[in-house]
1. Go through region 142-160 and give me each residue that's touching a Lys or Arg at 6+ places or on another chain (Cβ under 9 Å) and either of a type in the set (A, V, I, L, M) or within 13 Å of the ligand (Cβ to nearest atom) (or both).
2. Please determine, by comparing only the residues of region 191-233 that are in contact with a Lys or Arg (Cβ under 6 Å, 6 or more places away or on another chain) and in a helix (DSSP H, G or I), which one is surrounded by the fewest Cβ atoms within 10 Å (Cβ to Cβ).
3. Looking at region 95-102, can you tell me whether even one residue there is of a type in the set (Gly, Ala, Ser) and either buried (at least 18 other Cβ atoms within 10 Å of the Cβ) or closer than 24 Å to Ala219 by Cβ (or both)?
4. I'm checking my understanding of the structure. Among residues of region 200-241 that are over 20 Å from Arg148 (Cβ atoms), touching a residue at least 40 places away in the same chain (Cβ under 8 Å) and of a type in the set (A, V, I, L, M), which one is farthest from the ligand (Cβ to nearest atom)?
5. Looking for whichever is free of Cβ contacts under 8 Å to residues at least 24 places away in the same chain, surrounded by fewer than 23 Cβ atoms within 10 Å (Cβ to Cβ) and either farther than 16 Å from Met106 by Cβ or touching a Gly at 6+ places or on another chain (Cβ under 8 Å) (or both) here; the options are Gly147, Gly168, Gly133. Which one fits?
6. Within the bounds of region 191-198, is there any residue that is polar (S, T, N, Q) and either under 14 Å from Cys25 (Cβ atoms) or within 16 Å of the ligand (Cβ to nearest atom) (or both)?
7. Do we find that Val172 is within 17 Å of Met229 (Cα to Cα) and outside any helix (DSSP H, G or I) in this structure?
8. Mind listing whichever residues of region 208-242 are of a type in the set (Lys, Arg) and under 15 Å from the mean Cα position of the chain (by Cα)?
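Nothing in this text is a laboratory measurement; each read-out follows from the coordinates by a stated rule. Note that the structure is predicted; figures quoted are calculated from it, not measured. No Cβ is skipped: glycine too gets one built from the backbone with ideal geometry, and neighbour counts run over all protein chains shown.
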Amino acid sequence: MDQISRRHLLRSGLGAGALAFLAGCGGAGTSRRPGIRVTPRASDASDWEFVSQKPDWLENGTVSAPPPSVMKGVVPRSSWTRATPKLWDTNPMGRVSRITVHHDGMTPFMSTSSSSAAQRLESIRNAHVSGNGWADIGYHYVVDPAGRVWEARSTTLQGAHVKDNNEGNIGVMVMGNYEQQVPTSAASKSLDDFVASLMRRYQVGVSRVFTHREIRPTACPGVNLQRVMESTRSRGGALARA
Ligand SMILES: [Zn+2]
């Protein structure tokens with residue numbers, strides 16, 4: 001859908017189906033894959049620091065990539081998927097110069113269960129890979145309603161989260177649909193703390209922290225998360241002070 005027809009739809013009122021489409025981010029579907037085993041690991045915002053950790057998927061392949069930086073306190077990718085990215089179809093991240101916040105735009109999601117969050121992550125990865133034909137899940141990190149932060153795509157690789165704007169851009173997604181729900185206080189707090197730690201780690205200023213709709217025409221990250229992001233980046237907000 002081009003920008004003009006999107007705007008036209010936005011102005012002219014929308015059916016539920018069109019709203020669901022426009023609220024989406026990256027074409028994530030809703031298919032579920034049961035039986036994923038998860039090791040619950042609560043995130044501890046005060047304990048986020050970068051450690052070097054070589055993921056399992058680099059151990060046995062013929063491809064090589066530098067070990068990604070995984071933050072202590074972030075739930076590792078190996079907790080929710082055994083799938084490996086199609087490295088031959090990715091680009092190196094390059095120097096990180098911006099951070100972009102998203103929602104998944106699927107059905108509202110309030111569960112604080114780690115296994116539910118892991119299943120949702122896997123369904124998104126599956127939609128991005130099988131549905132969109134991407135190399136891997138599009139985002140680098142995902143925040144769930146309990147405030148856990150999950151590792152998704154390696155930050156050594158460009159993501160697939162803002163069309164034509166993925167170079168040097170870390171994608172952080174908050175699970176849920178923030179056209180239709182408001183972020184939990186735990187998710188908002190974690191998002192603030194985590195994005196602040198990314199800003200410090202990569203020396204990214206608050207003026208380089210965006211939401212998806214600030215770069216491309218889309219409803220993402222939904223009106224309610226957009227409002228939270230505007231507040232936290234404004235004077236006196238947590239990210240403005242980061
Ligand atoms: Zn988005």
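1. The initial filter retains those residues of region 142-160 that are touching a Lys or Arg at 6+ places or on another chain (Cβ under 9 Å), namely 142, 144, 147-148, 150-154, 159-160.
Val142, Ala152, Gly159, Ala160, listed by residue number.
2. Selected residue: Arg208.
3. From region 95-102, those of a type in the set (Gly, Ala, Ser) are 97; that's our starting set.
Now drop any that are not either buried (at least 18 other Cβ atoms within 10 Å of the Cβ) or closer than 24 Å to Ala219 by Cβ (or both), which leaves none.
Checking region 95-102: not a single residue is of a type in the set (Gly, Ala, Ser) and either buried (at least 18 other Cβ atoms within 10 Å of the Cβ) or closer than 24 Å to Ala219 by Cβ (or both).
4. Within region 200-241, the match that is farthest from the ligand (Cβ to nearest atom) is Val204.
5. Details: Gly147 fails: free of Cβ contacts under 8 Å to residues at least 24 places away in the same chain; Gly168 fails: free of Cβ contacts under 8 Å to residues at least 24 places away in the same chain.
The unique qualifying residue is Gly133.
6. Going through region 191-198, the residues polar (S, T, N, Q) turn out to be 197.
So of that shortlist, the ones also either under 14 Å from Cys25 (Cβ atoms) or within 16 Å of the ligand (Cβ to nearest atom) (or both) come out as none.
No, region 191-198 contains no residue that is polar (S, T, N, Q) and either under 14 Å from Cys25 (Cβ atoms) or within 16 Å of the ligand (Cβ to nearest atom) (or both).
7. Spelling it out, Val172 is indeed within 17 Å of Met229 (Cα to Cα) and outside any helix (DSSP H, G or I).
8. From region 208-242, those of a type in the set (Lys, Arg) are 208, 213, 216, 227, 233, 235, 241; that's our starting set.
Arg213 - this is the single residue of region 208-242 that is of a type in the set (Lys, Arg) and under 15 Å from the mean Cα position of the chain (by Cα).
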